[in-house]
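One structure is given here, and the rest of the page talks about it.
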Amino acid sequence: MSKRRRSWAEPYKIKVVEPLRMTTRRYRERAIEQAHYNTFLLRSEDVYIDLLTDSGTAAMSDYQWAGMMQGDEAYAGSKNFYHLADMVRKYYGYPYIVPTHQGRGAEHILAKMLIRPGDFIPGNMYFTTTRAHQELAGGTFRDVIVDQAHDPTSLHPFKGNVDIHKLERLIDEVGADNIPYINMQASVNMAGGQPFSLANLRQVRQVCTEHGIKIFLDATRAMENAWFIKMVEPGQQERSCAQILADMCALTDGCTMSGKKDLLVNVGGFLALRDERLYRKACELVVLYEGLHTYGGMAGRDMEAMARGIEEAIQDDHLAARIGQVQYLGHKLLAEKVPIVQPIGGHAVYLDAARFLPHIRQHEFPAQALTAALYLESGVRAMERGIVSAGRDPVSGEHRYPKLELVRLTIPRRVYTQAHMDVVAESVIACYEQRTNIGGLEMTYEPETLRFFQAEFKPLAAWATTLRQEESRTVGYRRDASGFKI
Ligand SMILES: *Cc1c(COP(=O)(O)O)cnc(C)c1O
């Protein structure tokens, strides 16, 4: 048999199914109007293919579900905790772990332990909860990612890399004493799921060792990052993702983890550490904020599912199928010249709304409008990652105008099939062909913090008229209505 695999076919078969509800265009017009043109406010039942997020949305295996039945729900010293700790040691190589209810619980404890007011925490682009906990502890986040990460057309294979000069400049400017650690995020989410290279991490390690700065890995999608290293970094092709992950972790002092992403579970996370003194401190804090240090806010059964998820998620054939599916969708869109962020990332395909809808000005929310148009077209739910997500500048009160105005199509792990990806691609392409009919939005309600979750919108006058015409045209249209009332 040839060594080269021709396809990324799933390394599993389906045992349990969950029926999807299909809706008519007219039904969706009502639903999106009631959700105020914000996909976060839609009811999940009204969604056909849900690409809002890959967080906690994975399908568990029969092995994981069997493990759920072996939950040891003791308050202290659950056997599932020891299994989880063993798996973290085996695959990530950190000797100490503290479970947390999810990733932000670990970020909270780490920030509280290490950040003093006035400190600076460099990172390869921000992540919402990570930065929020750094700021809550009195620190200031500084972005040290390579410039290419901010350019959706740059084909740089490692757009998650740290720009070493930016890091050195920051050390010169504020002094190493005021930088407790650098936060190194794998598969950088806000840049489009972009990996860093092992070579870059080694350089970061060198600079940090020189200056006595720790490195904490945000390992949430470290396995997916390892897969990209295997695919493109010179000399890594014959190595397994497990070996590469071990190398990544060996270069760092610990990690924060949201198990809801890589680890194929619906909830859970952990903080992992090398330093025993720090571990003892973390044990004190976790008791205050999460739960005893052997459960940290997780049920025994959930720790067991995560322990088993680690073993499944690190397999090369799982990662090839998982990322292969994302690439499959991305390539379908590229073939039709739909503008997307390149290279295609590990967990999502990002539509470039700025190029998709050049006729909508940024303050009329092109990416938000595109999520609404896509839902109207087919019931596919996506997420805005543009001016709405960026929020307002706290000083001037003006909108922040981010360089990236994106719509994220996030693929849950092991949930949808290739045929679902075909439908998603067809829907996006249909929107692209009718893009001049899509109009801007106006915001009618704006929460003060993290506004993207609950903001409300309505279509600007011209688009509202088109939508009304569309509605009258589609009355009685039942091609895909499956037995529910309009
Ligand atoms: C989701 C996520 C987190 C936060 O984890 P939660 O489990 O949602 O609390 C942190 N970092 C990254 C990169 C994430 O994607």
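Tabulated data
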| read-out | value |
| --- | --- |
| Meets criteria (open to solvent by 60 Å² or more (accessible area, probe 1.4 Å) and farther than 29 Å from H101 by Cβ) for R21 | yes |
| Hey, T128 within 13 Å of the ligand (Cβ to nearest atom) and surrounded by fewer than 19 Cβ atoms within 10 Å (Cβ to Cβ) or not | yes |
| So M190, is it assigned by TED's automatic domain parsing to the domain that holds Q134, surrounded by 18 or more Cβ atoms within 10 Å (Cβ to Cβ), within 20 Å of I314 (Cα to Cα) and within 16 Å of the ligand (Cβ to nearest atom) | no |
| Selection status of P157, touching a residue at least 40 places away in the same chain (Cβ under 8 Å) and over 30 Å from G77 (Cβ atoms) | yes |
| Residue among Q237, Q206 that alone is more than 10 Å from the ligand (Cβ to nearest atom), out of contact with any helix residue (DSSP H, G or I) (no Cβ under 7 Å at 6 or more places or on another chain) and not in a strand (DSSP E or B) | Q206 |
| Restricting region 32-45 to residues that are open to solvent by less than 40 Å² (accessible area, probe 1.4 Å) and of a type outside the set (A, V, I, L, M), the residue that is nearest to the ligand (Cβ to nearest atom) | T39 |
| Within region 386-403, tally of residues that are in contact with a helix residue (DSSP H, G or I) (Cβ under 7 Å, 6 or more places away or on another chain) and surrounded by 14 or more Cβ atoms within 10 Å (Cβ to Cβ) | 7 |
| Some residue of region 100-112 being surrounded by fewer than 23 Cβ atoms within 10 Å (Cβ to Cβ), hydroxyl-bearing (S, T, Y) and at pLDDT 95 or above | no |
| Unmet requirement for A313, which otherwise passes all of (1) small (G, A, S); (2) within 15 Å of the ligand (Cβ to nearest atom); (3) within 15 Å of D86 (Cα to Cα) | (3) |
| Single residue of region 103-150 satisfying the filter (without any contact (Cβ under 8 Å) to a residue 24 or more places away in the chain and of a type in the set (D, E)) that is farthest from L201 (Cα to Cα) | E135 |
| Residue in region 80-87 that is within 16 Å of the ligand (Cβ to nearest atom), assigned by TED's automatic domain parsing to the domain that holds G269 and either open to solvent by 30 Å² or more (accessible area, probe 1.4 Å) or among the β-branched types (V, I, T) (or both) present | no |
| Residue within region 169-181 that is within 15 Å of the ligand (Cβ to nearest atom), aliphatic (A, V, I, L, M), at pLDDT 95 or above and assigned by TED's automatic domain parsing to the domain that holds F228 present | no |
| So R301, is it open to solvent by less than 50 Å² (accessible area, probe 1.4 Å), of a type in the set (K, R), more than 20 Å from the chain's Cα centre (by Cα) and over 23 Å from L110 (Cα atoms) | no |
| Test: I145 is assigned by TED's automatic domain parsing to the domain that holds D218, within 16 Å of the ligand (Cβ to nearest atom), among the β-branched types (V, I, T) and within 23 Å of T449 (Cβ to Cβ) | no |
| Check on R21, closer than 29 Å to G193 by Cβ, part of a helix (DSSP H, G or I) and either of a type outside the set (F, W, Y) or modelled with pLDDT under 95 (or both) | no |
| From the options H133, H156, H165, residue that is within 16 Å of the ligand (Cβ to nearest atom) and either assigned to a helix (DSSP H, G or I) or not assigned by TED's automatic domain parsing to the domain that holds I344 (or both) | H133 |
| Qualifying residues in region 347-374 (those that are in contact with a Leu (Cβ under 9 Å, 6 or more places away or on another chain) and assigned to a loop (DSSP other than H, G, I, E, B)) - the one nearest to E29 (Cα to Cα) | F365 |
| Tally, over region 46-67, of residues that are in a helix (DSSP H, G or I) and open to solvent by 40 Å² or more (accessible area, probe 1.4 Å) | 4 |
| Enumeration of residues in region 168-184 that are open to solvent by 10 Å² or more (accessible area, probe 1.4 Å) and either assigned to a strand (DSSP E or B) or under 26 Å from S55 (Cβ atoms) (or both) | N183 |
| Flag for V388 being outside the structural domain of G160 (by TED's automatic domain parsing) and not in a loop (DSSP other than H, G, I, E, B) | yes |
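Conditions tested, residue by residue: (1) under 20 Å from G103 (Cβ atoms); (2) within 16 Å of the ligand (Cβ to nearest atom); (3) surrounded by fewer than 24 Cβ atoms within 10 Å (Cβ to Cβ); (4) not assigned by TED's automatic domain parsing to the domain that holds R408.
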site: D247; (1), (2), (3), (4): no, no, yes, yes
site: S258; (1), (2), (3), (4): yes, yes, no, yes
site: L264; (1), (2), (3), (4): yes, yes, no, yes
site: G268; (1), (2), (3), (4): yes, yes, no, yes
site: V287; (1), (2), (3), (4): yes, no, yes, yes
site: A305; (1), (2), (3), (4): yes, yes, no, yes
site: A321; (1), (2), (3), (4): no, no, yes, no
site: H331; (1), (2), (3), (4): no, no, yes, no
site: A353; (1), (2), (3), (4): no, no, no, no
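The values are calculated or read from the model by the stated rules, or taken from the named source; none is laboratory data. Quantities reported herein were computed from a predicted structural model and do not represent experimental measurements. Glycine gets a Cβ as well: all are built from the backbone with ideal geometry, and neighbour counts include every protein chain shown. Accessible surface areas use protein heavy atoms only, side chains included; no ligands, DNA or RNA. Shrake-Rupley method; radii C 1.70, N 1.55, O 1.52, S 1.80 Å.
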